[in-house]
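J.: Take this structure, written in structure tokens, and hold onto it; I'll ask about it next.
The values are calculated or read from the model by the stated rules, or taken from the named source; none is laboratory data. All values reported here derive from a predicted model rather than from experimental measurement. Note that each Cβ is placed from the backbone with ideal geometry, even for glycine, and that neighbours are counted across all protein chains shown. Please note that ligands, DNA and RNA were not included when accessible areas were found on the heavy atoms of the full protein model with its side chains. Shrake-Rupley method; radii C 1.70, N 1.55, O 1.52, S 1.80 Å.
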Amino acid sequence: MSSISLTITRARRMAVAGQLLPAPKGTSIFDVVNHVGYLQLDPTNSIARNHLLVLWSRLGNYDEADLERLRWESRELYEYAAAIVPVSDHPIHKTTMRLFPDAYDGAWAERLNVWVRDNAALRQAILSQLRKQGPLPSREIEDIAEANWRSTGWTNDRNVSRMLEFMHAKGEVVVAGRTGQQRIWDLGKRWLPKDSERLSVVQAERRVMERSARNLGVATATELKGEYFASGPRPAATQAIESLVRDGTLVRVEVAGLKGERLAHVDALTPPRRRAFTTFLSPFDPLIRNRKRTEAFWNFRYRIEIYVPKAKREYGYFVLPILHNDRLVGRIDPVFDRKTGVLNVNNVWWEPGEKEVPLDKPLRSLAAFVGADSISA
């Protein structure tokens, strides 16, 4: 079957629409998370945390309390592997839970398995303590490890935290609340569905790859495999993509100006009518988190500079790309001073060849969302 030819403009429109930028009127917080599949958690908070900014970019000013209710009261969302995900996707996540850590090749998986076996008493004690006293923060769980976890990083000797992470990856425990950034742990069986569908690895990957194709609009097979939130190796991803092509769910496309063949979901070929809008994107936003793809699609080279020494930064600590319609036209460096209540705009840079666009509306929306009293530009 011959490939469908697309212009780069159409491919960009498909990509932006696939990420619900902006979300159609009436879209809820849950709708966004369910569509995208995950909100990556990151501790950086110079403006607002990533998962909050990803929602703001799509919904504008919204009530964060509604998100908290979805997480801790109705429990339609839960945390898994450093992301907020829909409970309705639990059948997908169960496959990675079953495979962890054995799907990983090499010495790391064996080392982890040996350490967990050596500390079986600690694992059982955590389950028992949570069953009797939970939910609990890790600091209230007794460390009875017989073999310490060794690492050159911050996890060295943190036996309870390391065991909780292992059990979290297996679905045995879940994050049942937070006090600041401190996680509160509980038994997975108290939170996760007891009778969710059991999928084969290929069935789970088909769902993952189909969602990835809808979200990306146009993508290489490698980009599809790397888009959707997942934990660990993807042994059946290629098989799933091939099956989606065979049944016509995915079609082969070529994009003018880009090398190689790509894939698109058949339903994404005609994006909705474009709405004029301007917003800012978190550095971890799903639209741009694949830096190589972002550069190819938009000729926009973006690197986060959190860990770059200040004197060596090209732009700033937590600079946000500016999305105008289907173009990445510039970048902005806002920082929220919580002591003074001022949203400070340190600088704005426009991309070569792009016209400046008004930023008053998205800045006012961002200020209202984070609770700033004023904007200093």
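J.: Out of all the residues in the stretch 166-182, which are on the phi > 0 side of the Ramachandran plot and of a type in the set (S, T, Y)?
T.: Selection gives nothing.
J.: I would also like to ask the following. Taking helices (runs of 4 or more DSSP H) that do not extend beyond the stretch 30-105, which have at least 2 residues that are hydroxyl-bearing (S, T, Y) and open to solvent by 40 Å² or more (accessible area, probe 1.4 Å)?
T.: Hits in the stretch 30-105: none.
J.: Still on this structure: Scan the stretch 167-226 for residues that are closer than 24 Å to T238 by Cα, of a type in the set (A, V, I, L, M, F, W, C) and part of a loop (DSSP other than H, G, I, E, B) and jot them down.
T.: Across the stretch 167-226, the qualifying residues are L199, V218.
J.: Right, something else. Given the residues R131, R150, which is the only one that is in contact (Cβ under 8 Å) with a residue 24 or more places away in the chain and loosely packed, with under 13 Cβ neighbours inside 10 Å?
T.: R131
J.: Answer yes or no: is there a residue in the stretch 282-291 that is polar (S, T, N, Q), open to solvent by less than 40 Å² (accessible area, probe 1.4 Å) and in contact with a strand residue (DSSP E or B) (Cβ under 7 Å, 6 or more places away or on another chain).
T.: Checked against the condition, which is being polar (S, T, N, Q), open to solvent by less than 40 Å² (accessible area, probe 1.4 Å) and in contact with a strand residue (DSSP E or B) (Cβ under 7 Å, 6 or more places away or on another chain), the stretch 282-291 yields at least one hit.
J.: Could I ask something else about it? Would you point out which residue out of R234, R214 is of a type outside the set (A, V, I, L, M), open to solvent by 10 Å² or more (accessible area, probe 1.4 Å) and under 16 Å from H265 (Cβ atoms)?
T.: Only one candidate passes the filter, namely R214.
J.: Then there is this: Inside the stretch 304-326, can you point out the residues that are over 20 Å from the mean Cα position of the chain (by Cα) and open to solvent by less than 70 Å² (accessible area, probe 1.4 Å)?
T.: V308, R313, Y315, G316, H324, N325, D326
J.: Taking the stretch 255-273 only, how many residues are crowded, with 17+ Cβ neighbours inside 10 Å and outside any loop (DSSP other than H, G, I, E, B)?
T.: The total comes to 6.
J.: Considering each of V348, V329, V370, V335 in turn, give the residue that is open to solvent by less than 20 Å² (accessible area, probe 1.4 Å) and modelled with pLDDT of 95 or more.
T.: On inspection, the qualifying residue turns out to be V329.
J.: Let me ask something else. Just one of E254, E261, E227 is modelled with pLDDT of 95 or more and within 23 Å of R291 (Cβ to Cβ); which is it?
T.: E254
J.: Report yes if G248 is at pLDDT 95 or above, small (G, A, S), surrounded by fewer than 17 Cβ atoms within 10 Å (Cβ to Cβ) and assigned to a loop (DSSP other than H, G, I, E, B), otherwise no.
T.: Yes; evaluated as a whole, the condition is true for this residue.
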